[in-house]
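> First, the structure itself, so that you have it in front of you.
The values are calculated or read from the model by the stated rules, or taken from the named source; none is laboratory data. Remember, predicted model here, so these are calculated numbers, not experimental data. Cβ sites come from the backbone with ideal geometry, for glycine too, and all protein chains shown count toward neighbours. Accessible surface is based on the protein model in full, side chains and every heavy atom, while ligands, DNA and RNA are left aside. Shrake-Rupley method; radii C 1.70, N 1.55, O 1.52, S 1.80 Å.
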Amino acid sequence: MCAGARAQHATHSILYNSITNLHAEGDALWVGPFLNVTLDGGATWHVANADSLVGLVNRAYSIDIDGDVIWEGIGTTRAVESGGADQTVHLARGFLYSPDAGVVWTYRPPNAPSDTDPSTTGILDLPDDTLTAYGDVFLPTLAITAPEQNPPWDIDYDPMTGHVWTASQLAGLRRSTDGGLTWERTVLPPDTTRYLSPELGYEFLFFVQPTRVPVNQFYGLNFQVFSVLVNATGTVWAGTAGGLNRSLDGGASWYHYTTADGLTSNWILSIEDQPRPGNTPAIWIATGPGRPDEGGSGNYGVVASRDRGETFEPVLFGETAYDFAFDGSRVYAAGLGGLFISEDDGRTFRTEREFYDPSQSGHSTAPVTETYAVEVAPSGIWVGTRDSLFNSRDGGHTWRSYRADVPLSPDGLPPTVPASLVSKVETYAYPNPFSPSSDRLVRMRYRLTAEDQVTIRIFDFGMNPVRRLNDSSTGSDEREVPWDGTDDNGMRAANGAYFYAIQTGGQIFWGKILVIE
(Lines give C-alpha, C1' and ligand atoms only; values in the text may rest on other atoms or scores of the structure.)
Protein backbone atom coordinates (compact mmCIF):
# COMPACT_ATOMS: atom_id res chain seq x y z
CA MET A 1 0.00 0.00 0.00
CA CYS A 2 2.93 2.36 0.51
CA ALA A 3 3.71 2.50 -3.20
CA GLY A 4 0.14 3.46 -3.93
CA ALA A 5 0.19 6.31 -1.45
CA ARG A 6 3.46 7.65 -2.89
CA ALA A 7 1.81 7.75 -6.30
CA GLN A 8 -0.84 10.11 -4.98
CA HIS A 9 -0.42 13.86 -4.61
CA ALA A 10 0.37 15.13 -1.11
CA THR A 11 -2.12 17.52 0.44
CA HIS A 12 -2.12 19.17 3.83
CA SER A 13 -5.61 18.01 4.80
CA ILE A 14 -8.70 16.15 3.65
CA LEU A 15 -10.45 17.81 0.72
CA TYR A 16 -13.98 18.06 2.06
CA ASN A 17 -15.60 18.19 5.49
CA SER A 18 -18.73 16.14 4.76
CA ILE A 19 -17.42 12.55 4.83
CA THR A 20 -19.57 10.00 2.99
CA ASN A 21 -17.27 6.96 2.63
CA LEU A 22 -14.55 5.27 4.66
CA HIS A 23 -12.63 2.12 3.80
CA ALA A 24 -9.58 0.68 5.55
CA GLU A 25 -7.16 -1.80 3.97
CA GLY A 26 -4.02 -2.56 5.93
CA ASP A 27 -2.54 0.70 7.20
CA ALA A 28 -4.34 2.72 4.52
CA LEU A 29 -7.57 4.61 5.23
CA TRP A 30 -9.39 5.87 2.13
CA VAL A 31 -11.84 8.74 2.59
CA GLY A 32 -14.65 9.86 0.28
CA PRO A 33 -16.15 11.74 -1.40
CA PHE A 34 -12.88 12.83 -3.09
CA LEU A 35 -10.49 9.93 -2.35
CA ASN A 36 -8.06 11.11 0.28
CA VAL A 37 -5.80 8.45 1.77
CA THR A 38 -3.60 8.34 4.87
CA LEU A 39 -1.07 5.62 5.76
CA ASP A 40 -0.01 7.01 9.11
CA GLY A 41 -3.18 7.56 11.08
CA GLY A 42 -3.90 11.04 9.76
CA ALA A 43 -0.43 12.56 10.20
CA THR A 44 -0.11 13.05 6.43
CA TRP A 45 -2.70 13.00 3.66
CA HIS A 46 -2.65 12.25 -0.06
CA VAL A 47 -5.26 12.63 -2.78
CA ALA A 48 -5.82 10.20 -5.65
CA ASN A 49 -4.45 11.31 -9.01
CA ALA A 50 -7.70 10.58 -10.85
CA ASP A 51 -8.81 12.90 -13.66
CA SER A 52 -12.49 12.07 -13.16
CA LEU A 53 -12.38 13.71 -9.71
CA VAL A 54 -10.60 16.91 -10.78
CA GLY A 55 -12.64 20.00 -9.98
CA LEU A 56 -14.54 18.46 -7.05
CA VAL A 57 -17.73 17.93 -9.10
CA ASN A 58 -17.91 14.16 -9.36
CA ARG A 59 -17.61 12.31 -6.09
CA ALA A 60 -17.38 8.81 -4.64
CA TYR A 61 -20.77 7.30 -3.95
CA SER A 62 -19.22 3.93 -3.06
CA ILE A 63 -15.77 2.44 -2.40
CA ASP A 64 -14.59 -1.15 -2.11
CA ILE A 65 -11.03 -2.36 -1.62
CA ASP A 66 -9.59 -5.86 -1.45
CA GLY A 67 -5.82 -6.09 -1.24
CA ASP A 68 -4.42 -3.81 -3.94
CA VAL A 69 -7.65 -3.70 -5.97
CA ILE A 70 -9.74 -0.53 -5.54
CA TRP A 71 -13.16 0.15 -7.07
CA GLU A 72 -15.03 3.41 -6.74
CA GLY A 73 -18.53 4.21 -7.97
CA ILE A 74 -18.79 7.84 -9.12
CA GLY A 75 -21.86 10.05 -9.17
CA THR A 76 -22.95 13.64 -8.90
CA THR A 77 -26.10 15.66 -8.26
CA ARG A 78 -28.09 18.37 -9.94
CA ALA A 79 -31.20 20.31 -8.99
CA VAL A 80 -34.35 19.94 -11.10
CA GLU A 81 -37.67 21.72 -10.65
CA SER A 82 -40.52 19.50 -9.49
CA GLY A 83 -43.87 20.87 -8.33
CA GLY A 84 -42.52 24.40 -8.07
CA ALA A 85 -39.57 23.40 -5.87
CA ASP A 86 -36.02 22.24 -6.57
CA GLN A 87 -35.39 18.54 -6.12
CA THR A 88 -31.95 16.92 -5.93
CA VAL A 89 -31.39 14.23 -8.54
CA HIS A 90 -28.46 11.80 -8.38
CA LEU A 91 -26.66 10.87 -11.61
CA ALA A 92 -24.34 8.02 -12.59
CA ARG A 93 -20.86 9.15 -13.61
CA GLY A 94 -19.11 5.77 -14.00
CA PHE A 95 -16.39 3.95 -12.10
CA LEU A 96 -12.74 4.26 -11.10
CA TYR A 97 -10.57 1.15 -10.97
CA SER A 98 -7.03 0.63 -9.69
CA PRO A 99 -5.31 -2.79 -9.65
CA ASP A 100 -2.24 -1.55 -7.77
CA ALA A 101 -3.38 0.27 -4.60
CA GLY A 102 -3.91 3.57 -6.40
CA VAL A 103 -0.73 3.89 -8.46
CA VAL A 104 -2.68 3.80 -11.73
CA TRP A 105 -6.36 4.65 -12.15
CA THR A 106 -8.64 3.66 -15.02
CA TYR A 107 -11.94 5.44 -15.60
CA ARG A 108 -14.94 3.42 -16.80
CA PRO A 109 -17.70 5.74 -18.14
CA PRO A 110 -21.37 4.88 -17.61
CA ASN A 111 -22.35 5.29 -21.27
CA ALA A 112 -23.96 2.69 -23.47
CA PRO A 113 -21.84 1.40 -26.42
CA SER A 114 -21.25 3.81 -29.28
CA ASP A 115 -19.45 3.87 -32.62
CA THR A 116 -16.63 5.87 -31.06
CA ASP A 117 -16.09 3.49 -28.13
CA PRO A 118 -17.72 0.12 -28.83
CA SER A 119 -15.64 -1.74 -26.24
CA THR A 120 -17.11 -0.03 -23.19
CA THR A 121 -20.81 -0.36 -22.43
CA GLY A 122 -21.07 1.07 -18.91
CA ILE A 123 -24.24 0.48 -16.91
CA LEU A 124 -26.56 2.37 -19.26
CA ASP A 125 -28.48 0.64 -22.07
CA LEU A 126 -29.21 1.30 -25.71
CA PRO A 127 -32.84 2.31 -26.41
CA ASP A 128 -33.61 -1.01 -28.11
CA ASP A 129 -32.11 -3.12 -25.30
CA THR A 130 -35.54 -4.26 -24.08
CA LEU A 131 -35.05 -7.98 -23.44
CA THR A 132 -33.11 -9.76 -20.70
CA ALA A 133 -32.24 -13.46 -20.91
CA TYR A 134 -33.07 -15.47 -17.80
CA GLY A 135 -32.74 -19.21 -18.14
CA ASP A 136 -34.57 -20.24 -21.29
CA VAL A 137 -36.83 -17.17 -21.44
CA PHE A 138 -36.40 -13.51 -22.42
CA LEU A 139 -38.00 -11.04 -20.03
CA PRO A 140 -39.39 -7.72 -21.35
CA THR A 141 -37.18 -5.02 -19.86
CA LEU A 142 -37.11 -1.24 -19.67
CA ALA A 143 -33.92 0.11 -21.21
CA ILE A 144 -32.14 2.44 -18.76
CA THR A 145 -30.65 5.09 -21.06
CA ALA A 146 -30.26 8.16 -18.82
CA PRO A 147 -27.87 8.64 -15.86
CA GLU A 148 -30.54 10.22 -13.62
CA GLN A 149 -31.47 8.17 -10.52
CA ASN A 150 -28.89 5.49 -11.43
CA PRO A 151 -25.84 6.38 -9.32
CA PRO A 152 -23.63 3.58 -7.95
CA TRP A 153 -24.96 3.69 -4.39
CA ASP A 154 -22.90 0.62 -3.51
CA ILE A 155 -20.14 -1.45 -5.09
CA ASP A 156 -18.50 -4.76 -4.13
CA TYR A 157 -15.52 -6.56 -5.62
CA ASP A 158 -15.32 -10.35 -5.24
CA PRO A 159 -11.63 -11.38 -5.20
CA MET A 160 -12.53 -15.06 -5.59
CA THR A 161 -14.08 -14.53 -9.04
CA GLY A 162 -12.80 -11.07 -10.01
CA HIS A 163 -16.40 -9.97 -10.54
CA VAL A 164 -17.62 -6.50 -9.60
CA TRP A 165 -21.19 -5.83 -8.48
CA THR A 166 -22.91 -2.44 -8.35
CA ALA A 167 -26.23 -1.34 -6.84
CA SER A 168 -27.48 1.44 -9.12
CA GLN A 169 -31.09 2.19 -8.12
CA LEU A 170 -33.27 2.13 -11.29
CA ALA A 171 -30.48 0.46 -13.28
CA GLY A 172 -30.76 -2.33 -10.74
CA LEU A 173 -28.12 -4.85 -9.75
CA ARG A 174 -25.41 -5.22 -12.39
CA ARG A 175 -22.26 -7.32 -12.62
CA SER A 176 -19.03 -6.97 -14.58
CA THR A 177 -16.83 -9.98 -15.27
CA ASP A 178 -14.22 -8.11 -17.35
CA GLY A 179 -12.95 -5.31 -15.13
CA GLY A 180 -15.81 -2.92 -15.78
CA LEU A 181 -15.65 -2.94 -19.58
CA THR A 182 -19.12 -4.46 -19.84
CA TRP A 183 -21.96 -4.80 -17.33
CA GLU A 184 -24.81 -7.32 -17.35
CA ARG A 185 -28.23 -7.06 -15.72
CA THR A 186 -28.95 -9.36 -12.79
CA VAL A 187 -32.57 -10.54 -12.53
CA LEU A 188 -34.02 -10.29 -9.00
CA PRO A 189 -37.37 -11.72 -7.83
CA PRO A 190 -40.54 -9.68 -8.43
CA ASP A 191 -42.03 -8.10 -5.30
CA THR A 192 -44.46 -10.95 -4.66
CA THR A 193 -42.00 -13.80 -5.37
CA ARG A 194 -40.20 -15.56 -2.52
CA TYR A 195 -37.76 -17.61 -4.62
CA LEU A 196 -36.45 -17.18 -8.15
CA SER A 197 -34.52 -19.75 -10.16
CA PRO A 198 -33.87 -19.85 -13.95
CA GLU A 199 -35.07 -23.42 -14.41
CA LEU A 200 -38.57 -22.51 -13.22
CA GLY A 201 -39.36 -20.59 -16.44
CA TYR A 202 -40.86 -17.36 -15.10
CA GLU A 203 -42.50 -14.70 -17.25
CA PHE A 204 -42.79 -11.19 -15.83
CA LEU A 205 -41.98 -7.56 -16.61
CA PHE A 206 -38.43 -6.93 -15.46
CA PHE A 207 -38.58 -3.21 -14.72
CA VAL A 208 -40.11 -0.64 -12.36
CA GLN A 209 -43.58 0.31 -13.54
CA PRO A 210 -43.69 4.04 -14.39
CA THR A 211 -47.19 4.44 -12.93
CA ARG A 212 -48.52 3.75 -9.46
CA VAL A 213 -50.62 0.62 -8.94
CA PRO A 214 -52.22 -0.87 -5.82
CA VAL A 215 -49.78 -2.14 -3.21
CA ASN A 216 -50.91 -5.76 -3.57
CA GLN A 217 -49.94 -5.83 -7.25
CA PHE A 218 -46.48 -6.30 -8.71
CA TYR A 219 -44.64 -3.10 -9.63
CA GLY A 220 -40.96 -3.83 -9.29
CA LEU A 221 -39.73 -2.24 -6.05
CA ASN A 222 -37.41 -5.23 -5.66
CA PHE A 223 -35.67 -4.17 -8.89
CA GLN A 224 -34.59 -0.79 -7.38
CA VAL A 225 -31.23 -1.69 -5.81
CA PHE A 226 -29.43 0.39 -3.18
CA SER A 227 -26.91 -1.98 -1.57
CA VAL A 228 -24.88 -5.07 -2.44
CA LEU A 229 -22.54 -7.37 -0.54
CA VAL A 230 -20.48 -10.41 -1.54
CA ASN A 231 -19.19 -12.05 1.62
CA ALA A 232 -16.22 -14.35 2.13
CA THR A 233 -18.30 -17.46 1.36
CA GLY A 234 -19.30 -16.09 -2.07
CA THR A 235 -22.89 -15.42 -1.04
CA VAL A 236 -24.33 -12.38 -2.82
CA TRP A 237 -26.74 -10.11 -0.93
CA ALA A 238 -28.74 -7.35 -2.64
CA GLY A 239 -30.80 -4.73 -0.80
CA THR A 240 -33.63 -3.04 -2.67
CA ALA A 241 -36.69 -0.88 -2.17
CA GLY A 242 -38.64 -4.14 -1.97
CA GLY A 243 -36.61 -6.33 0.37
CA LEU A 244 -33.42 -8.29 0.94
CA ASN A 245 -32.18 -10.87 -1.57
CA ARG A 246 -29.66 -13.69 -1.14
CA SER A 247 -27.97 -15.80 -3.83
CA LEU A 248 -25.85 -18.89 -3.17
CA ASP A 249 -24.95 -19.50 -6.83
CA GLY A 250 -23.39 -16.26 -8.02
CA GLY A 251 -26.59 -14.38 -8.79
CA ALA A 252 -28.60 -16.96 -10.76
CA SER A 253 -31.11 -18.00 -8.09
CA TRP A 254 -32.41 -15.75 -5.30
CA TYR A 255 -34.19 -15.99 -1.97
CA HIS A 256 -36.30 -12.89 -1.27
CA TYR A 257 -36.88 -11.66 2.33
CA THR A 258 -39.35 -8.97 3.47
CA THR A 259 -41.02 -7.71 6.62
CA ALA A 260 -42.87 -11.04 6.72
CA ASP A 261 -39.50 -12.60 7.60
CA GLY A 262 -38.67 -10.18 10.41
CA LEU A 263 -37.16 -7.18 8.60
CA THR A 264 -38.18 -3.81 10.06
CA SER A 265 -38.80 -2.51 6.52
CA ASN A 266 -38.47 -3.62 2.91
CA TRP A 267 -36.20 -0.71 1.91
CA ILE A 268 -32.61 -1.87 2.50
CA LEU A 269 -30.15 1.00 2.80
CA SER A 270 -26.96 -0.87 3.70
CA ILE A 271 -25.65 -4.42 4.15
CA GLU A 272 -22.37 -5.41 5.83
CA ASP A 273 -20.99 -8.69 7.14
CA GLN A 274 -19.33 -9.14 10.53
CA PRO A 275 -16.50 -11.71 10.57
CA ARG A 276 -16.85 -14.01 13.57
CA PRO A 277 -13.96 -16.53 13.72
CA GLY A 278 -15.32 -19.96 14.54
CA ASN A 279 -18.91 -18.85 13.89
CA THR A 280 -21.12 -18.02 10.92
CA PRO A 281 -20.52 -14.41 9.79
CA ALA A 282 -23.33 -12.11 10.91
CA ILE A 283 -25.13 -9.95 8.35
CA TRP A 284 -26.06 -6.42 9.44
CA ILE A 285 -28.84 -4.60 7.59
CA ALA A 286 -29.98 -0.96 7.76
CA THR A 287 -33.59 -0.36 6.72
CA GLY A 288 -35.81 2.62 5.90
CA PRO A 289 -39.59 2.95 5.41
CA GLY A 290 -39.55 3.95 1.74
CA ARG A 291 -42.10 6.24 0.08
CA PRO A 292 -45.76 5.68 1.03
CA ASP A 293 -46.91 6.37 -2.53
CA GLU A 294 -44.69 3.49 -3.72
CA GLY A 295 -46.07 1.03 -1.22
CA GLY A 296 -43.36 1.76 1.34
CA SER A 297 -44.02 0.54 4.84
CA GLY A 298 -42.14 -0.36 7.98
CA ASN A 299 -39.65 1.62 10.01
CA TYR A 300 -36.07 2.76 10.09
CA GLY A 301 -33.97 0.29 12.00
CA VAL A 302 -31.05 -2.12 12.16
CA VAL A 303 -31.51 -5.87 11.77
CA ALA A 304 -28.94 -8.63 12.27
CA SER A 305 -28.94 -12.20 10.99
CA ARG A 306 -26.48 -14.61 12.58
CA ASP A 307 -27.64 -17.69 10.67
CA ARG A 308 -27.32 -16.74 6.96
CA GLY A 309 -30.81 -15.30 6.71
CA GLU A 310 -32.78 -18.02 8.48
CA THR A 311 -33.86 -15.52 11.15
CA PHE A 312 -33.62 -11.73 11.57
CA GLU A 313 -33.21 -9.88 14.88
CA PRO A 314 -34.11 -6.16 15.19
CA VAL A 315 -31.43 -4.53 17.36
CA LEU A 316 -31.82 -0.75 16.83
CA PHE A 317 -35.51 -0.32 16.09
CA GLY A 318 -36.43 3.16 14.86
CA GLU A 319 -32.83 4.32 14.33
CA THR A 320 -31.59 5.49 10.92
CA ALA A 321 -28.28 3.80 10.07
CA TYR A 322 -25.99 4.36 7.08
CA ASP A 323 -22.88 2.26 7.68
CA PHE A 324 -21.37 -0.47 9.88
CA ALA A 325 -17.90 -1.45 11.09
CA PHE A 326 -16.65 -4.29 13.29
CA ASP A 327 -13.74 -5.05 15.59
CA GLY A 328 -14.18 -8.56 16.93
CA SER A 329 -17.30 -8.50 19.08
CA ARG A 330 -17.49 -4.69 18.89
CA VAL A 331 -20.13 -3.41 16.49
CA TYR A 332 -20.30 0.21 15.27
CA ALA A 333 -23.27 1.71 13.42
CA ALA A 334 -23.13 5.23 11.96
CA GLY A 335 -26.48 6.95 11.69
CA LEU A 336 -28.73 9.94 12.10
CA GLY A 337 -28.75 9.67 15.91
CA GLY A 338 -24.98 9.44 16.30
CA LEU A 339 -22.49 6.60 16.52
CA PHE A 340 -23.95 3.45 18.07
CA ILE A 341 -21.35 1.27 19.82
CA SER A 342 -21.83 -2.28 21.08
CA GLU A 343 -19.23 -4.15 23.14
CA ASP A 344 -21.22 -7.42 23.24
CA ASP A 345 -21.71 -8.47 19.62
CA GLY A 346 -24.68 -6.17 19.09
CA ARG A 347 -26.83 -7.24 22.02
CA THR A 348 -26.73 -3.81 23.68
CA PHE A 349 -25.59 -0.39 22.40
CA ARG A 350 -24.42 2.90 23.82
CA THR A 351 -24.59 6.07 21.75
CA GLU A 352 -22.01 8.78 21.10
CA ARG A 353 -24.03 11.86 20.13
CA GLU A 354 -21.38 14.58 20.44
CA PHE A 355 -17.80 14.67 19.19
CA TYR A 356 -15.39 17.29 20.53
CA ASP A 357 -11.75 17.88 19.74
CA PRO A 358 -10.27 20.13 22.46
CA SER A 359 -6.86 20.19 20.74
CA GLN A 360 -8.01 22.34 17.81
CA SER A 361 -6.43 25.78 17.86
CA GLY A 362 -7.78 28.44 15.56
CA HIS A 363 -10.30 26.04 14.00
CA SER A 364 -13.54 26.00 15.94
CA THR A 365 -15.47 22.75 16.01
CA ALA A 366 -19.03 22.13 17.13
CA PRO A 367 -20.82 19.07 18.52
CA VAL A 368 -21.99 16.68 15.82
CA THR A 369 -24.75 14.11 16.10
CA GLU A 370 -25.36 12.76 12.59
CA THR A 371 -22.71 10.33 11.34
CA TYR A 372 -22.47 8.99 7.76
CA ALA A 373 -19.62 6.46 7.76
CA VAL A 374 -17.58 4.41 10.22
CA GLU A 375 -14.48 2.24 9.83
CA VAL A 376 -12.03 0.38 12.07
CA ALA A 377 -8.33 0.58 11.16
CA PRO A 378 -5.05 -0.05 12.99
CA SER A 379 -5.12 3.66 13.82
CA GLY A 380 -8.46 3.35 15.66
CA ILE A 381 -12.10 4.14 14.96
CA TRP A 382 -12.81 6.62 12.17
CA VAL A 383 -16.17 8.37 11.88
CA GLY A 384 -17.35 10.54 8.99
CA THR A 385 -19.82 13.34 9.72
CA ARG A 386 -21.27 16.31 7.84
CA ASP A 387 -18.67 18.66 9.25
CA SER A 388 -15.54 16.65 10.13
CA LEU A 389 -13.67 13.36 10.04
CA PHE A 390 -13.11 12.06 13.58
CA ASN A 391 -10.66 9.50 14.96
CA SER A 392 -10.65 7.78 18.35
CA ARG A 393 -7.88 5.54 19.68
CA ASP A 394 -9.58 4.65 22.95
CA GLY A 395 -12.80 2.96 21.85
CA GLY A 396 -14.79 6.14 21.23
CA HIS A 397 -14.22 7.99 24.50
CA THR A 398 -12.06 10.84 23.15
CA TRP A 399 -11.80 12.19 19.62
CA ARG A 400 -9.55 14.11 17.27
CA SER A 401 -11.02 15.90 14.27
CA TYR A 402 -9.69 16.31 10.73
CA ARG A 403 -11.11 19.00 8.48
CA ALA A 404 -10.55 20.55 5.07
CA ASP A 405 -7.81 23.12 5.48
CA VAL A 406 -8.46 25.32 2.44
CA PRO A 407 -5.81 28.07 2.35
CA LEU A 408 -6.37 31.76 1.79
CA SER A 409 -3.87 31.55 -1.08
CA PRO A 410 -3.78 28.99 -3.94
CA ASP A 411 -0.09 28.29 -3.24
CA GLY A 412 0.52 24.64 -2.51
CA LEU A 413 -2.87 23.27 -3.59
CA PRO A 414 -2.86 19.65 -4.82
CA PRO A 415 -3.37 19.24 -8.58
CA THR A 416 -6.83 17.77 -7.94
CA VAL A 417 -8.04 21.22 -6.85
CA PRO A 418 -7.81 23.81 -9.65
CA ALA A 419 -6.02 26.96 -8.45
CA SER A 420 -8.85 28.98 -10.00
CA LEU A 421 -11.11 27.77 -7.18
CA VAL A 422 -8.98 29.53 -4.55
CA SER A 423 -8.07 33.16 -5.11
CA LYS A 424 -5.74 35.06 -2.79
CA VAL A 425 -8.00 36.88 -0.32
CA GLU A 426 -8.04 38.21 3.24
CA THR A 427 -11.12 36.21 4.19
CA TYR A 428 -13.71 33.88 2.66
CA ALA A 429 -16.64 31.74 3.81
CA TYR A 430 -17.32 28.12 2.88
CA PRO A 431 -19.55 26.47 1.82
CA ASN A 432 -20.96 29.41 -0.07
CA PRO A 433 -23.86 29.46 -0.99
CA PHE A 434 -24.80 28.05 2.39
CA SER A 435 -27.84 25.89 3.23
CA PRO A 436 -28.34 25.70 7.04
CA SER A 437 -30.37 22.49 6.88
CA SER A 438 -27.98 20.51 4.66
CA ASP A 439 -24.59 22.16 5.31
CA ARG A 440 -25.27 22.80 9.01
CA LEU A 441 -22.41 25.31 9.37
CA VAL A 442 -20.71 27.96 7.25
CA ARG A 443 -17.14 28.86 8.25
CA MET A 444 -15.49 32.25 7.92
CA ARG A 445 -11.75 31.89 7.42
CA TYR A 446 -9.13 34.60 7.88
CA ARG A 447 -5.48 35.13 8.83
CA LEU A 448 -3.97 36.96 11.81
CA THR A 449 -0.37 38.12 11.74
CA ALA A 450 -0.34 38.48 15.54
CA GLU A 451 -2.38 37.12 18.42
CA ASP A 452 -5.41 39.33 19.07
CA GLN A 453 -9.07 39.40 20.12
CA VAL A 454 -11.46 38.86 17.21
CA THR A 455 -15.14 39.82 16.81
CA ILE A 456 -17.28 38.76 13.86
CA ARG A 457 -20.47 40.67 13.05
CA ILE A 458 -22.99 39.44 10.50
CA PHE A 459 -25.40 41.84 8.74
CA ASP A 460 -28.31 41.34 6.35
CA PHE A 461 -28.45 43.02 2.94
CA GLY A 462 -29.82 46.21 4.51
CA MET A 463 -26.85 46.23 6.94
CA ASN A 464 -29.06 45.42 9.91
CA PRO A 465 -27.13 43.45 12.58
CA VAL A 466 -28.01 39.74 12.64
CA ARG A 467 -25.40 37.93 14.73
CA ARG A 468 -22.30 38.68 16.77
CA LEU A 469 -19.66 35.99 17.21
CA ASN A 470 -16.39 35.93 19.13
CA ASP A 471 -13.36 33.85 18.20
CA SER A 472 -12.22 32.34 21.48
CA SER A 473 -9.21 30.54 19.96
CA THR A 474 -5.72 31.87 20.46
CA GLY A 475 -2.67 32.26 18.27
CA SER A 476 -1.92 33.81 14.92
CA ASP A 477 -1.94 32.41 11.37
CA GLU A 478 -5.09 31.12 9.60
CA ARG A 479 -8.22 30.69 11.71
CA GLU A 480 -11.93 30.13 11.12
CA VAL A 481 -15.21 30.66 12.97
CA PRO A 482 -18.48 28.80 12.27
CA TRP A 483 -21.99 30.25 11.93
CA ASP A 484 -25.10 28.05 12.05
CA GLY A 485 -27.36 30.44 10.14
CA THR A 486 -29.26 31.81 13.17
CA ASP A 487 -29.52 35.32 14.58
CA ASP A 488 -28.73 36.46 18.12
CA ASN A 489 -32.20 35.27 19.23
CA GLY A 490 -31.72 31.79 17.80
CA MET A 491 -34.07 32.35 14.84
CA ARG A 492 -33.15 30.95 11.42
CA ALA A 493 -31.90 33.61 9.00
CA ALA A 494 -34.02 34.12 5.89
CA ASN A 495 -32.72 33.38 2.42
CA GLY A 496 -30.61 36.12 0.93
CA ALA A 497 -27.23 37.82 0.93
CA TYR A 498 -25.41 38.54 4.20
CA PHE A 499 -22.23 40.46 4.90
CA TYR A 500 -19.76 39.68 7.66
CA ALA A 501 -17.09 41.87 9.20
CA ILE A 502 -14.08 40.39 11.00
CA GLN A 503 -12.71 43.00 13.39
CA THR A 504 -9.28 42.56 14.95
CA GLY A 505 -7.24 45.40 16.40
CA GLY A 506 -7.47 48.29 13.95
CA GLN A 507 -8.39 46.12 10.95
CA ILE A 508 -11.74 45.02 9.49
CA PHE A 509 -12.06 42.30 6.84
CA TRP A 510 -15.32 42.06 4.90
CA GLY A 511 -16.91 39.04 3.27
CA LYS A 512 -20.25 37.90 1.85
CA ILE A 513 -22.40 34.80 2.44
CA LEU A 514 -25.38 33.73 0.34
CA VAL A 515 -27.97 31.79 2.39
CA ILE A 516 -30.18 29.51 0.30
CA GLU A 517 -32.47 27.00 1.99
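> Enumerate the amide H contacts of Val466 below 5 Å, restricted to partners 5 or more residues apart or on another chain; note that Pro and chain-start residues carry no placed amide H.
Long-range HN contacts for Val466: Ile458, Phe459, Asp460.
> Which distance in Å, rounded to a whole number, links the C-alpha centroids of region 160-196 and region 457-517?
Spelled out, the Cα-based centre of one part sits 49 Å from the other.
> Under a Cβ-Cβ cut-off of 14 Å, what is the net charge of the residues other than Phe206 that fall near it, where Lys and Arg count +1 and Asp and Glu count -1?
Spelling it out: positives minus negatives among the neighbours equals -3.
> Which ³J(HN,Hα) values, rounded to whole Hz and listed in residue order, are derived for region 499-504 from phi using the Karplus coefficients 6.51, -1.76 and 1.60 in 6.51 cos²θ - 1.76 cosθ + 1.60 with θ = phi - 60°, glycine and proline given as x?
10, 10, 10, 9, 10, 9
> Still on this structure, I have one more. Give me, ordered by chain and number, the residues 5 or more places off Val454 or on other chains with an amide H under 5 Å from its own placed amide H.
The list, which skips near neighbours in sequence, is Asp471.
> Further question: Under 11 Å from the Cβ of Gly262, count the other residues' Cβ atoms, weight Lys and Arg +1, Asp and Glu -1, and hand me the total.
Local charge sum for Gly262: -3.
> A further question follows. Once the convex hull of the C-alpha atoms of region 306-359 is built, how many Å³ does it hold per residue, rounded to a whole number?
Hull volume normalised by residue count: 106 Å³.
> Would you mind computing, in nm to one decimal, how far apart the modelled labels at Thr233 and Asn489 are, each placed 7 Å from Cα along Cα→Cβ?
A separation of 6.2 nm, rounded to one decimal place.
> Please give the solvent-accessible surface of Arg93 in Å², to the nearest 10, using a probe radius of 1.4 Å with every protein chain present.
Spelled out: Arg93, probe radius 1.4 Å, area about 80 Å².
> Whole-Hz ³J(HN,Hα) for each residue in region 164-172, computed from phi via Karplus 6.51 cos²θ - 1.76 cosθ + 1.60 with θ = phi - 60°, x for glycine and proline: what do you get?
10, 10, 9, 9, 10, 6, 5, 6, x
> Now for a different question. Given 5 Å bins starting at zero, what is the percent of C-alpha pairs of region 87-148 in each, up to the one with the largest pair distance?
4, 15, 16, 19, 18, 13, 9, 5, 1
> For region 129-202, what D do you get in µm² per second when you plug the Kirkwood radius from alpha-carbon pairs into Stokes-Einstein at 25 °C and 0.890 mPa s? Could the numbers behind the result be given before it?
Details: Rh = 13.6 Å.
The estimated diffusion coefficient comes to 180 µm²/s.
> On to the next question. How high is the FRET efficiency between Leu514 and Arg78 when r is their beta carbon distance and R₀ equals 22 Å, given to the nearest 0.05?
Efficiency, rounded to the nearest 0.05: 0.75.
> What does the charge count near Phe340 come to, summing +1 for each Lys or Arg and -1 for each Asp or Glu among other residues with Cβ under 9 Å from its Cβ?
Within the 9 Å Cβ shell, the charges total -1.
> Given labels modelled 7 Å from the Cα in the Cβ direction, how far is it in nm from Ala10 to Val137?
Reported label-point gap for Ala10 and Val137 is 6.2 nm.
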